1. Among the residues of the stretch 265-292 satisfying the criterion of being surrounded by 16 or more Cβ atoms within 10 Å (Cβ to Cβ) and in a helix (DSSP H, G or I), which is farthest from the chain's Cα centre (by Cα)?
2. With respect to residue 168, determine if the residue is surrounded by 14 or more Cβ atoms within 10 Å (Cβ to Cβ), out of contact with any helix residue (DSSP H, G or I) (no Cβ under 8 Å at 6 or more places or on another chain) and within 15 Å of residue 118 (Cβ to Cβ).
3. Using beta carbons and a limit of 6 Å, which pairs, at least six apart or on different chains, have the first residue in the stretch 33-44 and in the same structural domain as residue 72 (by TED's automatic domain parsing) and free of Cβ contacts under 8 Å to residues at least 40 places away in the same chain and the second one buried (at least 16 other Cβ atoms within 10 Å of the Cβ) and assigned to a loop (DSSP other than H, G, I, E, B)?
4. Could we say that residue 239 is in contact with a strand residue (DSSP E or B) (Cβ under 9 Å, 6 or more places away or on another chain), outside the structural domain of residue 120 (by TED's automatic domain parsing), assigned to a helix (DSSP H, G or I) and touching a residue at least 24 places away in the same chain (Cβ under 8 Å) here?
5. From (1) surrounded by 13 or more Cβ atoms within 10 Å (Cβ to Cβ); (2) part of a helix (DSSP H, G or I), pick out the condition that doesn't hold for residue 31.
6. Is one or more of the residues making up the stretch 33-42 modelled with pLDDT of 95 or more and under 15 Å from residue 147 (Cβ atoms)?
7. Just the residues that are in a loop (DSSP other than H, G, I, E, B), out of contact with any helix residue (DSSP H, G or I) (no Cβ under 6 Å at 6 or more places or on another chain) and at pLDDT below 95, please, taken from the stretch 84-108.
8. Filter the stretch 89-126 down to the residues that are surrounded by 23 or more Cβ atoms within 10 Å (Cβ to Cβ), touching a strand residue (DSSP E or B) at 6+ places or on another chain (Cβ under 8 Å) and under 18 Å from residue 187 (Cα atoms) and list them by number.
């Protein structure tokens with residue numbers, strides 16, 4: 001089994017920065033890549049802030065934080081990933097975007113380097129088929145927020161070999177994560193269950209069964225959920241929720257996975273949740289206020 005020492009993370013958004021954070025804290029050198037210098041700078045600031053929060057809570061020692069942050073090397077060129085042992089793609093949940101990244105990345109990689117996608121719903125088999133190493137391709141689906149959530153879903157494509165799977169599990173566990181194996185079906189385990197629940201909550205709002213506040217209060221207090229489903233949808237990003245519902249609807253051809261028209265309208269309006277300032281709540285003031 002080849003040793004993984006240096007890890008590339010492509011995408012410095014919410015998920016990519018979180019992955020870089022935990023990988024660096026675990027002692028690995030990290031190349032954090034994004035095509036946007038501004039996004040890269042923003043991602044590094046988020047990592048620094050979140051690591052500092054861990055220090056203030058006594059979870060991480062200050063020296064460990066400083067050393068970990070020093071192991072993260074920002075990059076705007078995929079050629080900088082030439083010496084990584086593992087490259088993890090954490091771009092937007094769009095199949096063609098992901099395939100394009102892998103096609104552009106693979107000429108720079110060592111023949112022995114492993115490839116992984118953090119996709120939350122898209123077929124690992126299809127993504128792997130766009131690369132020159134489907135046997136060395138795996139799904140590593142981290143949960144959001146990555147520094148807090150303990151689970152990583154590990155998903156094999158049809159061509160993924162046993163050694164790649166073992167290396168991926170060993171790597172994820174070295175980050176202090178618990179792994180679960182998911183078969184390569186649309187949205188895997190967590191999002192196959194979670195995202196349709198959010199979609200159903202949006203239907204409940206759409207049909208006038210309850211208000212935003214009533215629905216979220218009902219699920220927090222009636223089902224003991226830490227966050228209401230509409231608040232959770234805003235946290236995930238409504239564009240991501242819609243993308244996952246589309247993957248489920250198209251991949252399983254079952255009407256129960258039809259995205260709610262209200263979800264579609266919110267995404268069309270650019271009301272994507274926390275990241276855009278508005279979703280089912282308006283986040284632009286001191287306190288989130290329901291938008292319906």
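1. The residue in question is 266.
2. Criteria met by residue 168.
3. Short answer, once both residue conditions are applied: 39/12; 40/12; 40/34; 43/12.
4. Against the criterion (in contact with a strand residue (DSSP E or B) (Cβ under 9 Å, 6 or more places away or on another chain), outside the structural domain of residue 120 (by TED's automatic domain parsing), assigned to a helix (DSSP H, G or I) and touching a residue at least 24 places away in the same chain (Cβ under 8 Å)), residue 239 qualifies.
5. Checking residue 31 against (1) surrounded by 13 or more Cβ atoms within 10 Å (Cβ to Cβ); (2) part of a helix (DSSP H, G or I), the one that fails is (2).
6. no
7. Across the stretch 84-108, the qualifying residues are 92, 94.
8. Hits for the stretch 89-126 are 89, 90, 98, 116, 117, 118, 119, 120, 124.
The values are calculated or read from the model by the stated rules, or taken from the named source; none is laboratory data. From a predicted model like this one, the values you see are computed outputs, not experimental measurements. Positions of Cβ are backbone-derived with ideal geometry, glycine not excepted, and every protein chain shown enters the neighbour counts.
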